[in-house]
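See structure below.
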Amino acid sequence: MLSISSVSRCSAPSFFLSQKPTASRLLTVHSSSTREPNSNQNPGQRINYSGVKLEESVDSKSGKSRLDSWISSRISGISRARVQSSIKSGLVSVNGKVIDKVSHNVKAGDKVNCVISELQPLRAEPENIPLDIVYEDENVLVVNKPAHMVVHPAPGNATGTLVNGILHHCSLPTVSSQEVLSGAEDVSDDDDEGLCSSSYAASVRPGIVHRLDKGTSGLLVVAKDEHSHAHLSEQFKLHTIKRVYVSLTCGVPAPMAGRIDVPIGRDVSNRIRMAAIVEPNRGQARHAASRYKVIEILAGGGSALVEWRLETGRTHQIRAHAKYIGIPLLGDEVYGGTQNMALSLLRSRTQPSCHRQLSLSLSGLERPCLHALALGFTHPCTGKEIHFSCPPPPDFTEILSQLREMGTEKV
């Protein structure tokens, strides 16, 4: 159910009140299960897809689809991460040509040949990856994660992750899982409140107590010792961590402030995403609550700058709840915020002279416009409340600036 509740009237971060984005950082500091899911699978049973072959033509009903998504839909029970690993390994061809780009688009009539790659053990190796460290002491590390960086190793993303960079930065030893992993999903059954419960979490997610999606930028806290890890994990379970996100949406929500209290579970029609589930018999859906408010109406109502505050930490929570209330995030192809949808909303509300630049900007948008703006928690050792904020990166601010030029109304 969507309920309207009283919303805090504290002012939005000053970054957003400025009509001209600034390049300087606004930083404030105050005192699993390892088997692949399958609906016909018995608990504890593992299905090995190694060597499975797919030879099939894309039918007319599929329309234009991403290669990894299309293959995932044709092999029941396989994870998209496993498919992506196969594509990157050169084991997939389209019309006789090897394709190693997971986002390659296939269309009706294309002939796809795929062989699923062998399982590989995951190792988290230290890598000299530049990290944007917002705060660090002996116990915790707060990082400003860039968009497109994966938080922890998974099949298809074994290197170049935040964990790899943290291992190097903190001079920690190499860690590896004790088993050959069968492929952690893009859409994991773990969320922020159950992230550290498995041996997999302890092995290839050292220090990680919560996650941001690959496409989401912004603040994330990392524990540097066992005590801090347990303490921060408990704060997430008790929902006492303060998290504020900002997004650009397709359209403007009505009402412009409210609370979404709708469970979230795996989308039965598309297993690579989650969904807000309102049916009484909701299966594995879990309680999820998000508060939102519009900060600014953009481009005559074609878009909005929206602030989100999470009461729970479900996988893809903001993205699923935004889709549920009819305002998918700009650039979120998985949850409906497609380029075509955005253009249809914006073109009818803006001058024709803006349309070409608008189309170019949206076509270059490669991730959902979602940024973890602020983070606050109780320090696990000092007991003090500490808070951090960091503005969105250039890809977010550039599209925000363009939308403002087409019309802006502060709320």
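The values are calculated or read from the model by the stated rules, or taken from the named source; none is laboratory data. Computed from a prediction, not measured in an experiment: that's the story for all the values here. Reconstructed Cβ throughout: ideal geometry from the backbone, glycine too, with neighbour counts over all protein chains shown. For accessibility, only protein heavy atoms count, side chains too; no ligands or nucleic acids. Shrake-Rupley method; radii C 1.70, N 1.55, O 1.52, S 1.80 Å.
Might you check whether a residue that is in contact with a His (Cβ under 9 Å, 6 or more places away or on another chain) and among the acidic types (Asp, Glu) occurs anywhere in the stretch 252-261? Spell out the reasoning first.
Step one: filter the stretch 252-261 for residues in contact with a His (Cβ under 9 Å, 6 or more places away or on another chain), giving 260-261.
Still in the running and among the acidic types (Asp, Glu): 261.
For the stretch 252-261, residues in contact with a His (Cβ under 9 Å, 6 or more places away or on another chain) and among the acidic types (Asp, Glu): present.
If you take just the strands (runs of 3 or more DSSP E) that sit entirely in the stretch 217-332, which of them hold at least 2 residues that are touching a strand residue (DSSP E or B) at 6+ places or on another chain (Cβ under 9 Å) and farther than 30 Å from Leu167 by Cβ? First the steps, then the outcome.
On the way: elements: 217-223, 242-250, 257-261, 264-266, 274-276, 289-298, 303-310.
In the stretch 217-332, 242-250, 257-261, 264-266, 274-276, 289-298, 303-310 are the strands (runs of 3 or more DSSP E) which contain 2 or more residues that are touching a strand residue (DSSP E or B) at 6+ places or on another chain (Cβ under 9 Å) and farther than 30 Å from Leu167 by Cβ.
Per-residue answers, yes or no, for (1) at pLDDT below 75; (2) among the charged types (D, E, K, R):
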position	(1), (2)
Val163	no, no
Ile166	no, no
Ala201	yes, no
Ile208	no, no
Arg211	no, yes
Ile241	no, no
Arg266	no, yes
Ile272	no, no
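Out of all the residues in the stretch 374-411, which are over 30 Å from Thr350 (Cα atoms) and among the hydrophobic types (A, V, I, L, M, F, W, C)?
In the first step, residues of the stretch 374-411 are kept if they are over 30 Å from Thr350 (Cα atoms); the result is 374-390.
Listed by number, the residues that qualify are Ala374, Leu375, Phe377, Cys381, Ile386, Phe388, Cys390.
Yes/no matrix, rows are residues, columns are (1) basic (Lys, Arg); (2) open to solvent by 30 Å² or more (accessible area, probe 1.4 Å); (3) out of contact with any Asp or Glu (no Cβ under 6 Å at 6 or more places or on another chain):
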position	(1), (2), (3)
Leu310	no, no, yes
Thr315	no, no, no
Tyr324	no, yes, yes
Tyr335	no, no, yes
Leu345	no, yes, yes
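Across the stretch 130-146, what is the total count of residues that are open to solvent by 20 Å² or more (accessible area, probe 1.4 Å) and within 15 Å of the chain's Cα centre (by Cα)? Steps first, answer last, please.
Taking the stretch 130-146 first, the residues open to solvent by 20 Å² or more (accessible area, probe 1.4 Å) are 130-133, 135-139, 144, 146.
Now narrow it down to the ones that are within 15 Å of the chain's Cα centre (by Cα): 144, 146.
Count: 2.
Might you let me know whether the stretch 374-381 holds any residue that is at pLDDT 95 or above and open to solvent by 60 Å² or more (accessible area, probe 1.4 Å)? Break it down stepwise before answering.
Of all residues in the stretch 374-381, those at pLDDT 95 or above come to 374-379.
Filter once more, keeping what is open to solvent by 60 Å² or more (accessible area, probe 1.4 Å): none.
Checked against the condition, which is being at pLDDT 95 or above and open to solvent by 60 Å² or more (accessible area, probe 1.4 Å), the stretch 374-381 yields no hits at all.
If you take the residues in the stretch 274-285 that are at pLDDT 90 or above and not small (Gly, Ala, Ser), which one is farthest from Tyr324 (Cα to Cα)? Before you say what the answer is, go through the steps one by one.
Of the residues in the stretch 274-285, the ones at pLDDT 90 or above are 274-277.
Filter again for not small (Gly, Ala, Ser), leaving 274, 277.
Values: Met274: 11, Ile277: 9 Å.
For the stretch 274-285, the residue satisfying everything is Met274.
Quick check: anything in the stretch 321-343 more than 24 Å from the chain's Cα centre (by Cα) and within 25 Å of Lys242 (Cβ to Cβ)? Before you say what the answer is, go through the steps one by one.
Taking the stretch 321-343 and keeping what is more than 24 Å from the chain's Cα centre (by Cα), we get none.
The answer is no; no qualifying residue exists.
Quick one: in the stretch 387-411, of everything that is open to solvent by 20 Å² or more (accessible area, probe 1.4 Å) and assigned to a helix (DSSP H, G or I), which residue is farthest from His148 (Cα to Cα)?
Only one residue fits best here, namely Glu405.
Looking only at the stretch 223-281, filter to residues that are open to solvent by 50 Å² or more (accessible area, probe 1.4 Å) and under 20 Å from the mean Cα position of the chain (by Cα); which one of those is farthest from Arg319 (Cα to Cα)?
Here the residue is Lys237.
As an exercise: evaluate Gly331 against (1) surrounded by 17 or more Cβ atoms within 10 Å (Cβ to Cβ); (2) within 24 Å of Gln84 (Cα to Cα); (3) out of contact with any Pro (no Cβ under 7 Å at 6 or more places or on another chain) and give the number of the one condition it does not meet.
So the condition that Gly331 fails would be (3).
Is there a residue in the stretch 170-188 that is of a type in the set (D, E, K, R), more than 23 Å from His316 (Cβ to Cβ) and at pLDDT 55 or above? I'd like the intermediate steps shown before the answer.
Residues of the stretch 170-188 that are of a type in the set (D, E, K, R), as a first pass: 179, 185-186.
If we keep only those that are more than 23 Å from His316 (Cβ to Cβ) too, we end up with 179.
Now narrow it down to the ones that are at pLDDT 55 or above: none.
No: zero hits.
Which numbered condition in (1) touching a helix residue (DSSP H, G or I) at 6+ places or on another chain (Cβ under 6 Å); (2) buried (at least 19 other Cβ atoms within 10 Å of the Cβ); (3) not hydroxyl-bearing (Ser, Thr, Tyr) is the only one that His104 fails?
Here His104 meets the rest and fails (2).
I need a count of the residues in the stretch 334-375 that are in contact with a helix residue (DSSP H, G or I) (Cβ under 7 Å, 6 or more places away or on another chain), hydroxyl-bearing (Ser, Thr, Tyr) and part of a loop (DSSP other than H, G, I, E, B).
2
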